[in-house]
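Asks: Please read through the structure below; I'll follow up with questions.
The values are calculated or read from the model by the stated rules, or taken from the named source; none is laboratory data. Quantities reported herein were computed from a predicted structural model and do not represent experimental measurements. Glycine gets a Cβ as well: all are built from the backbone with ideal geometry, and neighbour counts include every protein chain shown.
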Amino acid sequence: MADVAEVSALGAAQLGWSGLGHPANWAETHVAGPFDEEQAANARGFFLGDYEGMVTIGNVFGPFYDQAVSRAANNPSDVFYSTLTP
């Protein structure tokens, strides 16, 4: 990734949630990044992809998310999976 000072479009993946019955009390967890969104494919704007989703196993969240990787390596974006426990 380029030096942060050289990047004009930083992105990150975040997960936010609230407790059942308590929508005013919510938390946010960092999932991935920062990454340079300008490395994503340009399709009338920087396009990360359509593949996003979430699975749960008990109280473990499993987000699938897109992230820009490297346009120079002919791999502008990839799909990633993480596990998170609130």
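Asks: Can you pull out every residue in the stretch 35-69 that is surrounded by 15 or more Cβ atoms within 10 Å (Cβ to Cβ) and either assigned to a strand (DSSP E or B) or touching a Cys at 6+ places or on another chain (Cβ under 6 Å) (or both)? Working first, answer last.
Replies: Taking the stretch 35-69 as the starting set, the residues that turn out to be surrounded by 15 or more Cβ atoms within 10 Å (Cβ to Cβ) are 35-40, 46-49, 61, 63, 65-69.
PHE35, ASP36, PHE46, PHE47, PHE61, PRO63, TYR65, ASP66, GLN67, ALA68, VAL69 - these are the residues of the stretch 35-69 that are surrounded by 15 or more Cβ atoms within 10 Å (Cβ to Cβ) and either assigned to a strand (DSSP E or B) or touching a Cys at 6+ places or on another chain (Cβ under 6 Å) (or both).
Asks: I've got another one for you. What are the residues in the stretch 70-86 that are exposed (fewer than 13 other Cβ atoms within 10 Å of the Cβ) and of a type in the set (A, V, I, L, M, F, W, C), if any? Give the steps one after another, and end with the answer.
Replies: So in the stretch 70-86, the residues exposed (fewer than 13 other Cβ atoms within 10 Å of the Cβ) come out as 72-75, 81, 83, 85-86.
Within the stretch 70-86, ALA72, ALA73 meet the criteria.
Asks: Could you give me the residue pairs with C-beta distances under 9 Å whose first residue belongs to the stretch 65-77 and is over 13 Å from ASP36 (Cβ atoms), whose second residue is among the hydroxyl-bearing types (Ser, Thr, Tyr) and assigned to a strand (DSSP E or B) wherever it lies, and which are 6+ apart or on separate chains?
Replies: Short answer, once both residue conditions are applied: TYR65/TYR81; ASP66/SER77.
Asks: Another one. Any idea which residue in the stretch 21-39 is nearest to PRO86 (Cα to Cα), counting only those that are among the hydrophobic types (A, V, I, L, M, F, W, C) and at pLDDT 85 or above?
Replies: Filtering the stretch 21-39 down to residues among the hydrophobic types (A, V, I, L, M, F, W, C) leaves 24, 26-27, 31-32, 35.
Right, trim to at pLDDT 85 or above and you get 31-32, 35.
Details: VAL31: 12, ALA32: 15, PHE35: 23 Å.
In this case the residue turns out to be VAL31.
Asks: Separate question: Among the residues of the stretch 1-20, is there at least one that is modelled with pLDDT of 80 or more, of a type in the set (A, V, I, L, M, F, W, C) and in a loop (DSSP other than H, G, I, E, B)?
Replies: No, because not a single residue in the stretch 1-20 is modelled with pLDDT of 80 or more, of a type in the set (A, V, I, L, M, F, W, C) and in a loop (DSSP other than H, G, I, E, B).
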